[in-house]
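Asks: Quick one: structure below, then a few questions.
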Amino acid sequence: AIMCAYFTYVYCLWIFLSWLPSYLFEFRHFTLIKVGLFASLPLFAGVVGDTVGGLATDWLLKKTGNTRLARRSVAIVGLLGCCSFIVPAALTGNAYTAIYCLTASMFFLECTIGPSWAVPMDAGGKYSGTVSGMMNMAGNFGGALSPLVFGVLVQYGNWQAPFIVAAVLLVMGAGVWAFWLDPDRSVLDAADTSPVTLEQGV
């Protein structure tokens with residue numbers, strides 16, 4: 001569950017890191033100078049989102065003592081918030097509206113970083129390094145796949161399609177956080193319930 005949730009985040013992140021300048025230049029027809037300026041706005045918003053998401057999940061945990069609420073609520077709001085802005089960014093006919101929406105979507109997407117990296121420690125215990133590594137590996141699969149899928153969809157479809165695919169993944173990621181990913185469930189508990197091997201039996 002942790003790996004799947006992080007896959008959806010990194011997949012969407014790499015749209016901003018790889019294809020955004022080309023999108024603004026080729027589809028939105030901004031000059032190169034404006035591309036340099038406007039492509040940076042979502043990244044600045046992401047810096048703010050990183051901080052807000054981390055502060056929010058820690059504040060909720062301190063106030064409620066409820067790890068599930070603190071991690072899930074921030075991550076779900078972040079993913080669905082990103083989805084709610086990335087769709088109009090793709091569909092609007094106004095280039096400047098698209099920039100504003102992409103900036104907002106990146107802010108919300110980055111709000112998920114705090115809970116995402118807290119959960120491996122919540123659930124991993126003494127294996128938090130392993131859980132973090134597995135999570136990051138899954139995310140990088142998404143990061144490798146995202147630019148490829150974006151390019152194929154643009155070549156054989158249109159510039160809106162990659163953002164719609166990302167929106168679907170964001171909703172799926174929010175579903176993983178809501179119904180599957182449980183930060184209170186320790187990976188140690190899962191290990192304890194695994195079948196006993198011959199070596200363990202001996």
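Each value in this text was obtained by applying a stated rule to the coordinates, not by laboratory testing. These figures come from a predicted structure and were not determined experimentally. Glycine gets a Cβ as well: all are built from the backbone with ideal geometry, and neighbour counts include every protein chain shown.
Asks: Quickly run through segment 54-79 and pick out the residues that are within 24 Å of SER40 (Cα to Cα), in contact with a Phe, Trp or Tyr (Cβ under 8 Å, 6 or more places away or on another chain) and touching a residue at least 40 places away in the same chain (Cβ under 8 Å).
Replies: Those that are within 24 Å of SER40 (Cα to Cα), in contact with a Phe, Trp or Tyr (Cβ under 8 Å, 6 or more places away or on another chain) and touching a residue at least 40 places away in the same chain (Cβ under 8 Å): ALA75, LEU79.
Each row is one residue, and each column tells you yes or no for (1) buried (at least 20 other Cβ atoms within 10 Å of the Cβ); (2) of a type in the set (Gly, Ala, Ser).
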position: ALA1; (1), (2): no, yes
position: PHE7; (1), (2): yes, no
position: ILE15; (1), (2): yes, no
position: LEU37; (1), (2): no, no
position: VAL52; (1), (2): no, no
position: ASN66; (1), (2): no, no
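Asks: Next question. Given TYR100, TYR96, which one is aromatic (Phe, Trp, Tyr), in contact with a Leu (Cβ under 9 Å, 6 or more places away or on another chain) and either part of a helix (DSSP H, G or I) or buried (at least 16 other Cβ atoms within 10 Å of the Cβ) (or both)? Give the steps one after another, and end with the answer.
Replies: Working: TYR96 fails: in contact with a Leu (Cβ under 9 Å, 6 or more places away or on another chain).
Among TYR100, TYR96, only TYR100 is aromatic (Phe, Trp, Tyr), in contact with a Leu (Cβ under 9 Å, 6 or more places away or on another chain) and either part of a helix (DSSP H, G or I) or buried (at least 16 other Cβ atoms within 10 Å of the Cβ) (or both).
Asks: Can you find even one residue in segment 120-127 that is surrounded by fewer than 22 Cβ atoms within 10 Å (Cβ to Cβ), small (Gly, Ala, Ser) and part of a helix (DSSP H, G or I)?
Replies: There is at least one residue in segment 120-127 that is surrounded by fewer than 22 Cβ atoms within 10 Å (Cβ to Cβ), small (Gly, Ala, Ser) and part of a helix (DSSP H, G or I).
Asks: Separate question: Could you identify the single residue in LEU24, LEU32 that is within 17 Å of CYS101 (Cα to Cα) and of a type in the set (A, V, I, L, M)?
Replies: Details: LEU32 fails: within 17 Å of CYS101 (Cα to Cα).
Only one candidate passes the filter, namely LEU24.
Asks: Report whether or not THR57 is over 15 Å from the mean Cα position of the chain (by Cα) and buried (at least 23 other Cβ atoms within 10 Å of the Cβ). Write out each step before concluding.
Replies: Working: over 15 Å from the mean Cα position of the chain (by Cα): yes; buried (at least 23 other Cβ atoms within 10 Å of the Cβ): yes.
Yes.
Asks: Determine whether segment 131-152 contains at least one residue that is within 20 Å of SER40 (Cα to Cα) and free of Cβ contacts under 8 Å to residues at least 60 places away in the same chain. If you could, list the steps in order and put the result at the bottom.
Replies: As a first pass, look at segment 131-152 and keep what is within 20 Å of SER40 (Cα to Cα): 143, 146-147, 150.
Restricting the remaining residues to those that are free of Cβ contacts under 8 Å to residues at least 60 places away in the same chain gives none.
The answer is no; no qualifying residue exists.
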